[in-house]
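To start, the structure itself, in structure tokens.
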Amino acid sequence: MWMGACTSTIGTWMQSTAQAWLVYDLSKDSFYLGLDTFLAQVPIVLFSLVGGVIADRMNRRNLLLVSQYVQMTTALILTLLVFFKVVHVWHILCLSFIVGAAQAFGGPAYQALLPTLVGKDDIPNAIAMNSIQFNLARVIGPALGGIALTTVGAAWCFGLNSLSFIAVIISLYMIHVKYIPAKSSEPILDSMRQGIGFIRRVPGMDGLIILAFGMTLLGIPLLTFLPVFAKDVLHGGAKSFTQLLAFSGAGSVCGGLIVAAFGRIHGQGRTALLVLVLMGCIIFGFSQSTRFPLSLVLIFMSGGAMMISMSMVSSLVQAVASDEMRGRVMSVYNVAFRGGMPVGSLILGKLIPIFSAPVIMGWSGGLLALLGLYFLVVQRRVAQL
């Protein structure tokens, strides 16, 4: 399954690289970069809680398979639109929303399925290894995407992504699922309330959910608006953009390896917060850089810090969730984690043309550092985990 997921994620990053450049090239407006991210992520906010309930009621592998088939089809449609040169920005925006809807149901199922394939003590390592494959793909995907984009065109990036889903679909059919949720006739709203109530009862869990939202609200937009930094701040082109993405992914791989090497450590909450403060400072530094080599170093460091903090927060959430509640707990986490992306991207996408990318991302990094300091010094429940 690891190899299948890695192959699919490489294809997804190839598509993301080409899609971001295509949206900016077609629109010449950073707002549409933010809008594309918003439409890809907002279905997760709208539908993930329902997806979490369903993941606790049916075979999670089957739910994942449906999600993969939908995403494969949308990539194929985009391939044909670009190949026949009839693509418009609104086509891309609509397809992004459909992909987001598929991920809203597939995401909780995947996150709930992963811990049932390993022992509880191995959850941090499993999450770290999953993060490594995701971010290894972030290194390989943009590199391959950049080559395909600049040599044979965007249609190849989208077409290869569509084919890459075959690997993960085959992997899903091959795995043996240990835990099958019991069927339930309980109303969906009652099941949602149980998941939210569980989160409110566990000390520090509400803080972890807030951190998940804050990290993606203030941290992920750095990746969303990399085309703006590559083109307008660093005065590069598609090659510079893909290099920045690749260095960010390489840093994330290193961060994932560090988490996997140490596993569950004492004071994990405090460590995650310290790294979060560091990440905010690095993002601020990147936003002020006008030298490409320095920007590569800083984006590498931000990728590592982002992966360490996010992996640790995610493993803390997984560690306290029981199998029968895991889908609902992870759906709430998903709403927070993925919900910050569209909100941050849309707001910052509107502010960047007014104040400039360096100013807005500088403020974003500073606020992220302050968020980590707040949970370290004032509200200390997460730091005590």
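Centroid-to-centroid, using Cα positions, the stretch 302-360 and the stretch 44-103 are 19 Å apart. Given R0 = 22 Å, the distance between the Cβ atoms of GLN288 and ILE354 translates into a calculated FRET efficiency of 0.75. Report note on the peptides 68-80, 37-49, 327-339: ranked by the mean count of other C-beta atoms within 10 Å, highest first, their order is 327-339, 37-49, 68-80.
When HIS176, HIS266 are compared by accessible area of protein heavy atoms, the largest-first order is HIS266, HIS176, using a 1.4 Å probe. With a Förster radius of 25 Å applied to the beta-carbon distance between ILE196 and ASN62, the computed FRET efficiency rounds to 0.45.
Once the Cβ-Cβ distance between CYS94 and PHE262 is put in as r, and R0 is 56 Å, what FRET efficiency do you end up with, to the nearest 0.05? Efficiency, from the Cβ-Cβ distance: 0.85.
The values are calculated or read from the model by the stated rules, or taken from the named source; none is laboratory data. All values reported here derive from a predicted model rather than from experimental measurement. With ideal geometry, Cβ positions are generated from the backbone for all residues, glycine too; neighbour counts draw on all protein chains shown. Keep in mind that these areas ignore ligands, DNA and RNA; they rest on the heavy atoms of the full protein, side chains included. Shrake-Rupley method; radii C 1.70, N 1.55, O 1.52, S 1.80 Å.
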